[in-house]
Every structure is written in structure tokens, then in C-alpha cells.
Amino acid sequence: MVERYLAPTTLDEALKALAAGDATIVAGGTDVMPQSQAGRFKLGRTLVNIRRVAGLQGGAKEGDEIRLGALTTISQLREDAFIAKTLPVLAEAADHFASVQIRNMGTLGGNIGNASPAGDTLVPLLVLDAVVELRSAKGMRRLRLDEFFTGPGKTKRTPDELITNIFVPAPKPGFVARFAKFGTRPALDISAVSVGIAGIVKDGKISNVRVAYGAVAPTPVRGRAAEAALEGKTLDAATLAAAAKAAQGEVKPISDRRATAWYRREMIHNLVKKVLADVAHG
Ligand SMILES: Cc1cc2nc3c(=O)[nH]c(=O)nc-3n(C[C@H](O)[C@H](O)[C@H](O)COP(=O)(O)OP(=O)(O)OC[C@H]3O[C@@H](n4cnc5c(N)ncnc54)[C@H](O)[C@@H]3O)c2cc1C
């Protein structure tokens, strides 16, 4: 039962509210509110609306990294000129994300905090090699995103920690990252499967390959077999076919109302080919 509503404007105030215990963080509320109303999410005694906390919006280059504030909205991923130019794969994901209203409210930190296996920014962030910055009243730590999720709706975040920023390495020359999702409807749908692929493309060959899949496991996952099938290879029809086969063989999806396990494996095969063709063309 909610007893208190707080809307801190500074990070210190927000962290103090979380340190007091039994608090639920609300950013855009697009997951928290519908899920709590449906009885799938138990709210704490204190609601901490972090929306007005200063300094957690937008992107910036900091040394060899790009920092993305946790309160960056999905709309900003599409519309912010710096993010769209530096990390266009996030704009690509945002372009296929829900409706304009949800994009305006929903945040990057909320998409990570919600930890859905189908979260649409998570697959691009995995192939961008993202690291999550967590802060609490006790201090700060960073966790690799590919080690952050522990199950559907579950992460290594402790209840007193706030996701404050996401860091990704600044893209090197030749770096390409692409994303595609497939839902049961052509628009406004949660992913039934999604695929992200990144690497450095030079003279038709791909290196430093990262592949990730959404909605085929309890968490978004890296595609190590597909990565091995691609590393150092020329992006020709044979390589695309080998990578797609490796991807199809390594995913272990479940059947649910969005798709059967068989269909998801078929779609992973096809989406890997499609995304690789996009990567090959830059
Ligand atoms: C109609 C509809 C369509 C949708 N379509 C899509 C879609 O296409 N793709 C997709 O990926 N998602 C979709 N979603 C889900 C949702 O919009 C996204 O997950 C969104 O990014 C959540 O952001 P938020 O700021 O609203 O999170 P909130 O609802 O505020 O929070 C989500 C979770 O994260 C926690 N949290 C939020 N911010 C932080 C933080 N900074 N630090 C730690 N924990 C935090 C909250 O406590 C909560 O557990 C949809 C939702 C709806 C209602």
C-alpha cells in the first residue's frame, strides 16, 4: 500500500529516499503503472518519481565513452541530434518502439529497470557493449549490461540503487550496428523476437562482432555462436547463411501468446540474415 509520494529534484534527494527502504522508482511509469494495476507488480510504501531529477537526461561524449542519462526518453533517442548521429542503432530501435505517447514518457533507465526479455533498447545496448552505472547513498558501481539481467523482471540492482547512466564505447571508424524486431502486428507491438548486430566493417569483412537477441530467453542475450560464425569473415551469402544457421541453433525460446518456439527460431534465422544485410550495406 502506497503511503508516500516523493518527487525529488536532485540525485542526493532521490538516493536518500531509496536508502529509507520499501520504495518504488517511477520514471515514465509506462511499465510500473499498468503492471501494478494489473497486479503483476507490487508497489512499495513510497513512490519515488525521479522524472525531475536533474542531470540524467540526454547523451554526451566523455573521454572514450558515450554517456546516456537514464532519464533520456525513447523519443529523445530518435530526436536528439547527438544520439541519432553517434548511436543511430538506438534511434532505429526507438523508431519501432510503441506509440509516440509511450515513447514520450518511457525512459532508457525504465526499459533497463523493467528487464523484459523483449525490451527494445536492450538488444541494441548489448551490441553497443553497454555498461550500467548504479548509484546509491553508499556509492557508485558499474555493471556490464550482459551480466546485469538475472531473469524476466530481475536484475542485479539492489533496492537502494538507482540506474543513473549508461555508458557505451565511442564508436570506432567503420563501426556499424543495426537492429530489427518482429512483432505479431506491423506496428505498436512488443517484440516476439529481435536481433541486433554490430561490428567493424572494413573491405567487406566484419570484425569485433557482437550479436544479441531479444525475447528468446529469460533475459536479452548475446549470440556467441553467431558471433563466432561471423568474426573476421567476408559478409557474403555463405557467411550470412552460416551465421543465420548458428543463430537458429543457439537460441532456446519458449512458446507463448506472441509466437511458438519453432516460429521464433525461424524468425531469428531470417532476422539475422536481414540485419546482416543491413550491416553489410552500412
Ligand atoms: C502500450 C505500451 C506499449 C509498449 N511498447 C513497448 C515496446 O514496443 N518496446 C519496449 O521495449 N517496451 C514497451 N513498453 C514498455 C515500456 O514503455 C518501456 O519498458 C519503457 O522504456 C519503460 O520506461 P519508464 O520510464 O516508463 O519505466 P517505469 O515504468 O517508470 O519503470 C519501469 C521499471 O524500471 C524501474 N526504474 C525506472 N527507472 C529506473 C532507474 N533510473 N533506476 C532503477 N530502476 C528504474 C521501475 O522501478 C520499474 O521497475 C510498452 C508499454 C506500454 C504500456
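This table checks each residue for (1) more than 11 Å from the ligand (Cβ to nearest atom); (2) assigned to a helix (DSSP H, G or I).
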residue: LEU18; (1), (2): no, yes
residue: THR24; (1), (2): no, no
residue: GLY44; (1), (2): no, no
residue: LEU47; (1), (2): no, no
residue: ARG51; (1), (2): no, no
residue: ILE66; (1), (2): yes, no
residue: ILE83; (1), (2): yes, yes
residue: LEU90; (1), (2): yes, yes
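Looking at the structure I just gave you, is THR184 within 13 Å of the ligand (Cβ to nearest atom), of a type in the set (Ser, Thr, Tyr), part of a loop (DSSP other than H, G, I, E, B) and not assigned by TED's automatic domain parsing to the domain that holds ASN270?
No, not satisfied.
Considering only residues of segment 158-168 that are under 16 Å from the mean Cα position of the chain (by Cα) and more than 24 Å from HIS281 (Cα to Cα), which is surrounded by the fewest Cβ atoms within 10 Å (Cβ to Cβ)?
PHE167
Among the residues of segment 118-139, count how many are within 13 Å of the ligand (Cβ to nearest atom) and out of contact with any Phe, Trp or Tyr (no Cβ under 7 Å at 6 or more places or on another chain).
Qualifying residue count for the region: 8.
Filter segment 194-244 down to the residues that are open to solvent by 40 Å² or more (accessible area, probe 1.4 Å), assigned to a loop (DSSP other than H, G, I, E, B) and in contact with a helix residue (DSSP H, G or I) (Cβ under 6 Å, 6 or more places away or on another chain) and list them by number.
If the condition is that a residue be open to solvent by 40 Å² or more (accessible area, probe 1.4 Å), assigned to a loop (DSSP other than H, G, I, E, B) and in contact with a helix residue (DSSP H, G or I) (Cβ under 6 Å, 6 or more places away or on another chain), then LYS233 is the only one that fits.
Condition check ((1) open to solvent by less than 30 Å² (accessible area, probe 1.4 Å); (2) in contact with a helix residue (DSSP H, G or I) (Cβ under 9 Å, 6 or more places away or on another chain)) across all residues:
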| site | (1), (2) |
| --- | --- |
| ALA91 | yes, yes |
| ASN104 | no, yes |
| THR121 | yes, yes |
| ALA137 | no, yes |
| ALA170 | yes, yes |
| PRO173 | no, no |
| VAL176 | yes, yes |
| PHE179 | yes, yes |
| PHE182 | no, yes |
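The values are calculated or read from the model by the stated rules, or taken from the named source; none is laboratory data. Small disclaimer: the values here were computed from a predicted structure and weren't measured. In this analysis, Cβ positions are derived from the backbone assuming ideal geometry, glycine residues included, and neighbour counts consider all displayed protein chains. Accessible surface is based on the protein model in full, side chains and every heavy atom, while ligands, DNA and RNA are left aside. Shrake-Rupley method; radii C 1.70, N 1.55, O 1.52, S 1.80 Å.
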